[in-house]
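Enquirer: Input: one structure, supplied below.
The values are calculated or read from the model by the stated rules, or taken from the named source; none is laboratory data. Computed from a predicted structure; not experimentally measured. Heads up, the Cβs are rebuilt from the backbone with ideal geometry, glycines too, and the neighbour counts pull from every protein chain shown.
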């Protein structure tokens, strides 16, 4: 198969490239300037994707700067809503399936248990509202589509919480980390595996159970403080930077965008429909930390 991903050089796109290397499949990432989802031009999006000749499209492009989105509402909606719709409409015209990546931020975060796909949405930030609008456009496009909502994504690539913790730990002995927000840390490499498998299922058959909205996050849960402590434990095992974690509240770390207190997403539907359950985050985290620590040590050698 020929997989085409939107999103330039983001975490998921780079993870897709790594996972598909050597598989016999071909992979190409399409991003600016060839594919600019902020412009709102269906014809241009179609032309860029048609030129890439996909068998399946994975839409990983997004305006993901959650706090910036509060002051960049038009740009966030242009990319996350209208851009997502344009990609899905192009997929429909090309007759290929599309896997669209969405987020836990479509929910208010006030549920006591893990969210199901059938739960009522209610984003509290511009980012979540724009991603929800994107989901709606994808579903309305008539494309052969699956939407994968994910959360708390990290990887060896790009900017993410794991990299931030390792960087700051090299400068401070103690870090204040929020302990009253809970979620499911997700390795982008595991998410890439899920995207690839779902795309194969869409391309290989017409089972309606393979279409629609699914949740795809690392198994298990924790707070940001739990996540940080696990990062430092894995780092210490390889001689990397560590710090003490001071557990703080959301109120002690105010941000422009309101974060969901509960970002936990149930993966049961994805497991039932596609036979996919992402690995436990506590198992997937250490290899990523080991890679990053090795890079840090090599850079300081």
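Enquirer: Quick check, is residue 64 surrounded by fewer than 17 Cβ atoms within 10 Å (Cβ to Cβ), at negative phi and not in a helix (DSSP H, G or I)?
Expert: Values: surrounded by fewer than 17 Cβ atoms within 10 Å (Cβ to Cβ): no; at negative phi: yes; not in a helix (DSSP H, G or I): yes.
When the stated conditions are applied, residue 64 does not pass them.
Enquirer: I would also like to ask the following. List pairs: first residue in the range 131-152 and at positive phi and modelled with pLDDT of 95 or more, second residue surrounded by 19 or more Cβ atoms within 10 Å (Cβ to Cβ) and in a loop (DSSP other than H, G, I, E, B) anywhere in the structure, Cβ distance under 9 angstrom, at least six positions apart or on different chains.
Expert: 152/184; 152/185; 152/217; 152/218; 152/263
Enquirer: Can you find a residue that is free of Cβ contacts under 8 Å to residues at least 60 places away in the same chain and under 18 Å from the mean Cα position of the chain (by Cα) anywhere in the range 227-246? Walk me through it before giving the result.
Expert: First pass over the range 227-246, keeping only residues free of Cβ contacts under 8 Å to residues at least 60 places away in the same chain: 229-230, 233-234, 236-239.
Next, from what is left, pick out any that are under 18 Å from the mean Cα position of the chain (by Cα): none.
Looking for residues that are free of Cβ contacts under 8 Å to residues at least 60 places away in the same chain and under 18 Å from the mean Cα position of the chain (by Cα), one finds none in the range 227-246, hence no.
Enquirer: For residues in the range 241-261 being in contact with a strand residue (DSSP E or B) (Cβ under 6 Å, 6 or more places away or on another chain) and either at pLDDT below 95 or not in a loop (DSSP other than H, G, I, E, B) (or both), which is farthest from residue 70 (Cα to Cα)? Please lay out each step first, then the result.
Expert: So the first thing to find is which residues in the range 241-261 are in contact with a strand residue (DSSP E or B) (Cβ under 6 Å, 6 or more places away or on another chain), and the list is 243-246, 248, 250, 253.
From what's left, either at pLDDT below 95 or not in a loop (DSSP other than H, G, I, E, B) (or both): 244-246, 248, 250, 253.
Numbers: 244: 32, 245: 29, 246: 28, 248: 24, 250: 18, 253: 17 Å.
It comes out as 244.
Enquirer: Mind counting the residues in the range 158-207 that are more than 30 Å from residue 300 (Cα to Cα), at pLDDT 95 or above and assigned to a helix (DSSP H, G or I)?
Expert: The total comes to 13.
Enquirer: Considering each residue of the range 103-119, count those that are free of Cβ contacts under 8 Å to residues at least 60 places away in the same chain and assigned to a strand (DSSP E or B), and give that number. Don't jump to the end; show me each part of the working.
Expert: Let us first name the residues in the range 103-119 that are free of Cβ contacts under 8 Å to residues at least 60 places away in the same chain, namely 103, 106, 118-119.
From what is left, the residues that are assigned to a strand (DSSP E or B) are 103.
Residues in the range 103-119 being free of Cβ contacts under 8 Å to residues at least 60 places away in the same chain and assigned to a strand (DSSP E or B): 1 in total.
Enquirer: Moving to a separate point now. Can you say whether residue 166 is in contact with a helix residue (DSSP H, G or I) (Cβ under 7 Å, 6 or more places away or on another chain) and either in contact (Cβ under 8 Å) with a residue 12 or more places away in the chain or surrounded by 21 or more Cβ atoms within 10 Å (Cβ to Cβ) (or both), as far as the supplied structure shows?
Expert: On the way: in contact with a helix residue (DSSP H, G or I) (Cβ under 7 Å, 6 or more places away or on another chain): yes; either in contact (Cβ under 8 Å) with a residue 12 or more places away in the chain or surrounded by 21 or more Cβ atoms within 10 Å (Cβ to Cβ) (or both): yes.
So residue 166 passes the test.
Enquirer: Shifting gears a bit: Going by the conditions given, is residue 13 within 26 Å of residue 156 (Cβ to Cβ), touching a strand residue (DSSP E or B) at 6+ places or on another chain (Cβ under 8 Å) and in a strand (DSSP E or B)?
Expert: Values: within 26 Å of residue 156 (Cβ to Cβ): yes; touching a strand residue (DSSP E or B) at 6+ places or on another chain (Cβ under 8 Å): yes; in a strand (DSSP E or B): no.
For residue 13, the condition - within 26 Å of residue 156 (Cβ to Cβ), touching a strand residue (DSSP E or B) at 6+ places or on another chain (Cβ under 8 Å) and in a strand (DSSP E or B) - is not met.
Enquirer: Something else about it: One residue is enough: does the range 18-30 have a residue meeting the conditions crowded, with 16+ Cβ neighbours inside 10 Å, at pLDDT 95 or above, touching a helix residue (DSSP H, G or I) at 6+ places or on another chain (Cβ under 8 Å) and closer than 30 Å to residue 255 by Cα?
Expert: Taking every residue of the range 18-30 in turn, none turns out to be crowded, with 16+ Cβ neighbours inside 10 Å, at pLDDT 95 or above, touching a helix residue (DSSP H, G or I) at 6+ places or on another chain (Cβ under 8 Å) and closer than 30 Å to residue 255 by Cα.
Enquirer: Here is a list of conditions, (1) part of a helix (DSSP H, G or I); (2) over 24 Å from residue 254 (Cβ atoms), and residue 147 meets all of them except one; can you say which number that is?
Expert: So the condition that residue 147 fails would be (1).
Enquirer: Now a separate question. Could you identify the single residue in 45, 87 that is at pLDDT 95 or above and either within 19 Å of the chain's Cα centre (by Cα) or under 22 Å from residue 210 (Cβ atoms) (or both)? Outline the logic, then answer.
Expert: Numbers: 45 fails: either within 19 Å of the chain's Cα centre (by Cα) or under 22 Å from residue 210 (Cβ atoms) (or both).
Checking each option against the conditions leaves just 87.
Enquirer: Would you say residue 52 is on the phi < 0 side of the Ramachandran plot, touching a residue at least 12 places away in the same chain (Cβ under 8 Å) and crowded, with 23+ Cβ neighbours inside 10 Å? So that I can check it myself, show each step before the final result.
Expert: Values: on the phi < 0 side of the Ramachandran plot: yes; touching a residue at least 12 places away in the same chain (Cβ under 8 Å): yes; crowded, with 23+ Cβ neighbours inside 10 Å: no.
No.
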